[in-house]
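Reading through the structure tokens given below for one structure.
The values are calculated or read from the model by the stated rules, or taken from the named source; none is laboratory data. Everything quoted here is computed from the prediction, not taken from an experiment. Reconstructed Cβ throughout: ideal geometry from the backbone, glycine too, with neighbour counts over all protein chains shown. Accessible surface areas use protein heavy atoms only, side chains included; no ligands, DNA or RNA. Shrake-Rupley method; radii C 1.70, N 1.55, O 1.52, S 1.80 Å.
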Amino acid sequence: MTSTSEASAGLSWEELVTTALLGTDRRTPPGAVPGREAPVALLDAAAVETVRRRAGIRPVRAAARPQPAAPDRRPPLPPAATRRLTTLLADRPGTGGGRRGTAPDLMELLPQWLALANAHGYAAPPEALPALLDAARGRTDLRPAVLAFAGARALWLARLNTDWRFALRAAPGGGASLPGPDEPEGVRRLWREGLFAERVALLTAIRAGDAAAARELLSSTWPTERAEDRLMFLDTLRTGLAAADEPFLEAALTDRSRNVRATAAELLSALPDSALARRMAKRATACVAVDHMGGTSSGTGAPAIVVEAPHECDPGMERDGVLPKAPAGRGERSWWLGQLVEAAPLGAWSGRFGGRTPEEIVALPVADDWQSELHGAWCRAAVRQRDPGWSRALLGAPSTPEAGGPGAASLAERAKLLATLEGGKRAEWVAGFIATHGLSEAFQLLGVCAVPWAPPLGRAVVDALDIARDAGSYPWSFSGVMGLAERCLDPGEAVRLQPLTATPEDAEDAAPGAGGYWAEAFQRLATTLRLRATMRAELEPPGA
Amino acid sequence: MTQQGVRWTAEQVLALAPDAASRKAGSKLAVAGPWSSAGSSDEGTVWGLCKGSGSKPYQTIIDVADSSGPAYKCSCPSRKFPCKHALGLLLLWAGDDAAVPSGAAPDWAEQWLSGRRTRAAERTTRTDAASGATSADPEAARRRAERRADRITAGAAELEQRLTDLFRGGLAAAEQAGYGLWEETAARMVDAQAPGLAARVRELGAIPGSGPGWPVRLLEECALLHLLDRGWLRRDLLPDGLAATVRSRIGLSGSPDGPPVRDRWLALAQYDTSDSHLTTRRIWLHGTESGRTALLLSYGAAGRAPELSLPVGLAFEAEVSAYASAGQPRVALGERFTAPEPTAVRPPGITPAEAAARYGAALRDDPWLDSSPVTLTRVVPTPDGDSWQLADADGDTALPLTATALSRPGLWRLIALSGGTPVTVFGECGHRGFTPLTAWAEEQSEDARGHAVALC
């Protein structure tokens, strides 16, 4: 603030300060009254001036006011949900110890709370935005949901506080700041002059509305872009990839950058009708055949698959994205074969194998130890082409012994295959898997199942936990699954858990104290489920 | 007399927590799981049994509507106050009607409650008796007061001598003298039974080395200290009000002997400051009928939250009595007639220019005043270089925010609440700038009346 008296009394105040610094032994204070001690005179004068300066305080000139944030038209949160959000945000990481005990881990429920709030389309309470942004700053996995919930005002805030700059980068399209399709000049300028992140956001936003326009924009500057930028721009085509993208991608197959070429080929192979897919189908099917005369080893006359891997990686293959150099420890020919089969459209195999279904094809024996190579490549193709029929066939029955073992598909691959299945089928398969193989391998598979878990899956998990308890192991051996169950189990299952929350007598062969820990873990599970049900109810719109 | 269904918000409950760890621990207990036999009464008592690590559950009781602030009792061994069980139960009560249903208190809770009521009644009687005893021997009380006044006078004279010596040699030299000089002088002032002088002297020690402009700040504070010394030494010549202000600034606690004023008080803000010995809680109140602004002070030993706590944004009916001293809004809380509940009333606001003028005018009664409580209306938090100001939405003046305000997380809650549009802000306005304490968003529509957002 400024002081009125500064102009008139500025000089004497300055003199008082100077005298105070030097000391009255060296300098006589201004306006000293004879007969009064010099330091006292100085203090008297300074006291008068200090009070005068303070009493004369006036406001300062207003600086340029910020542009107001766009109003949030979404309905406000119900009061109970607002209070819940405060509680969830108060449970910040780093303020306490591990996850033992019966109380729920609130921070773990925040993602679910955000998903529900977003599904209802509520506006975030403005005063909660700083805490939300702080939470998202520390946890990148929270960012999309937080930013969707926090809305345009959070981006407005992020422009004022460097701590939250991530919001400007992470927000899809940077929110309201991007020019719309009705502002072609704005679009062109941002595409020409924008920062890389802004340009990606712009491209993604336009692609979502008008794929052709986005391609056109990208083509306009494509040859002048840097290789790593080309790669990122190419990635935006992944969403909404369509036949219309083929010419552009086909051109990119001759790109200077090997990574760009490989990505273009990968995208093309996901378009089953593309010329590249047809070329790959031709190459792949040439290597794989059905031998009706009987495999050399079995000699039974039953049909079997024989594989003749490519003998060279010719320039055509290389141009279509096949990497010629195998990683250490892999044979070149099997490396090439894998890439061909992975990139070939799965539809090609039925014709190759006399109209067999995927199940029948997968069931065929494969000669000369090629099975894991071939099935592995089919798995990658099924994931890439999002083909549920083939996924189903490659997953096999959940109860077969090899489903739990190493087999052709690793657990990570199985999780990816599962992700291409429809939700109910996914849950059913995982439930079957758990019923046969238990929980120790199930973690990754559970992660791809829809939340809340379908009843058969939920029951399979709870039963398996109960079995693990009876076997006398400690609950923290299953802490990953337990944590997932807390977040994903249907709250309706809380009732079924009630009998498990009692502390049992330790069985003779059980780990000491395990029963108590299990009771605690089940209590936390039940408590968390009830809390989730409350959370959900609190978010119901009033009068709904 | 609590209306049924009027419960605190989670924020208000969390404000009771003595530290961040308690907030977290309390939040974790705010679920139905560990609790059994939980319930609440319409009078504002909440109780429950919480399963702990032992076989016997902890008995937790909170009396929310007690006239001197919430009272807690828990059979757990925690030394935190309130403990996590009390916080968890209150959060549960605040959030979930079903988990803490209305009902009659069980025996173990009722025993404690009736004990409290008896003790409270006894205390009232005792206070009456004590005041009777004081008046019975006015001569002894007068002699005691005189002895203390003599000590303070000796202390003030000694302090004057130290200041004189300081300014003879110059402040530049004082920078080298360091903190020890001030600590020792402060200790002398404690001996002289002048805690107000001691606190000011201690603060002087921190000024050298507090950044550019420190000589000016040191000169100002020394001059005001000198003014206080002189005021004490010549208090007989001062008008009554100013003499009372000097006495309270010196640290002679007056008594809340003003006539009891009954009003519906809105809790405007509550915040704590603490040093190594003491936590001081300041609660600003607004009389919704009288328009009066009042300050409640409550103290706790270091590391313990003071007992008095009022939920910001809620109003309650109570009597307060003013402390004798001109220009100071401090009151003592008397009887409370209702529990805190939501209100639509907001304090009337003024402009930044009027706020600065009000602080200037307040210095007439208390030249040592650092700031006065003010509600600003229609102001926009506005960035100003590295700093922020509250700019008048309808004019071209603004109040800069204090360094304290800039370093608090509440600053960003305020900015977020505003979003570049005008807000109403209550805070303290003084020579260092404005410290916002509570804000309300402008009303978007009739049904979306902005609630109070605590910023401290």
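At-a-glance table
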{"quantity": "Where Rh is the Kirkwood radius over Cα pairs, Rg/Rh for chain B", "calculated": "0.99"}
{"quantity": "The protein assembly as shown - share of DSSP beta bridges that are antiparallel (%, nearest 5)", "calculated": "90"}
{"quantity": "Loop-resident sites, region B:328-388, for chymotrypsin sites (Phe, Trp or Tyr not before Pro), counting at most 16 other Cβ within 10 Å (DSSP)", "calculated": "B:PHE337"}
{"quantity": "Solvent-accessible surface (1.4 angstrom probe) belonging to B:ILE250, in square angstrom, nearest 10", "calculated": "0"}
{"quantity": "Antiparallel content of DSSP bridges confined to chain A, in %, to 5", "calculated": "75"}
{"quantity": "Hz values of 3J(HN,Hα) by residue in region B:373-382 - Karplus curve (6.51, -1.76, 1.60), Gly and Pro given as x", "calculated": "x, 8, 10, 9, 10, 6, 10, 10, x, 10"}
{"quantity": "Those trypsin sites (Lys or Arg not before Pro) in region B:328-424 that DSSP places in a loop and that have at most 16 other beta carbons within 10 Å", "calculated": "B:ARG364"}
{"quantity": "Accessible area buried at the B-A interface, both sides summed, 1.4 Å probe (Å², nearest 100)", "calculated": "5600"}
{"quantity": "Kirkwood-Stokes translational diffusion coefficient of region B:158-250, alpha-carbon pairs, 4 °C, 1.567 mPa s, µm²/s", "calculated": "95"}
{"quantity": "Kirkwood hydrodynamic radius of chain A, Cα pairs, Å", "calculated": "29.5"}
{"quantity": "Percent breakdown of C-alpha pair distances by 5 Å bin, ordered from the shortest bin, for region A:422-544", "calculated": "2, 11, 21, 22, 19, 12, 7, 3, 2, 1, 0, 0"}
{"quantity": "C-alpha long axis of helix B:240-250 to longest principal axis of chain B, angle in °", "calculated": "80"}
{"quantity": "Radius 12 Å from Cβ of A:ASP466, net charge of other residues (Lys, Arg +1; Asp, Glu -1)", "calculated": "+1"}
{"quantity": "Three-way shape label, region B:255-331, alpha-carbon gyration tensor, a/c 1.5", "calculated": "oblate"}
{"quantity": "Cut-off of 10 Å, at most 12 other beta carbons, DSSP loop: longest stretch of chain A lacking such GluC sites (Glu not before Pro)", "calculated": "A:1-311"}
{"quantity": "Which of B:TYR58, B:TYR179 is most accessible, then next, and so on - probe 1.4 Å", "calculated": "B:TYR179, B:TYR58"}
{"quantity": "Peptide A:102-115 - average C-beta neighbours from other chains (10 Å radius)", "calculated": "2"}
{"quantity": "Accessible area in square angstrom per residue, the protein assembly as shown, 1.4 angstrom probe", "calculated": "45"}
{"quantity": "C-alpha long axis of helix A:275-287 to longest principal axis of chain A, angle in °", "calculated": "40"}
{"quantity": "For the protein assembly as shown, radius of gyration divided by Kirkwood radius, i.e. Rg to Rh on alpha-carbons", "calculated": "1.08"}
{"quantity": "Angle in degrees between helix A:79-90 and the longest Cα principal axis of chain A, rounded to the nearest 10", "calculated": "90"}
{"quantity": "Candidate residues B:HIS277, B:HIS286: accessible-area rank, largest first, probe 1.4 Å", "calculated": "B:HIS277, B:HIS286"}
{"quantity": "Rounded percent of accessible protein surface that carbon and sulfur make up, chain B, 1.4 Å probe", "calculated": "51"}
{"quantity": "Space enclosed by the convex hull of the alpha-carbon atoms of region A:184-271, per residue, Å³", "calculated": "83"}
{"quantity": "Trypsin sites (Lys or Arg not before Pro) restricted to DSSP loop in region A:308-378 with at most 14 other C-beta within 10 Å", "calculated": "A:LYS325, A:ARG330"}
{"quantity": "For residues of A:214-224, the mean tally of beta carbons on other chains within 10 Å", "calculated": "0"}
{"quantity": "Shielding score for B:28-39, defined as the mean number of other chain Cβ atoms within 10 Å", "calculated": "5"}
{"quantity": "Portion, in percent, of the accessible area of chain A that falls on carbon or sulfur, probe 1.4 Å", "calculated": "55"}
{"quantity": "Residues B:ARG235 and B:ALA344, FRET efficiency given R0 of 41 Å [Cβ-Cβ distance, rounded to 0.05]", "calculated": "0.35"}
{"quantity": "B:LYS56, B:LYS51, ranked by accessible area, largest first (probe 1.4 Å)", "calculated": "B:LYS56, B:LYS51"}
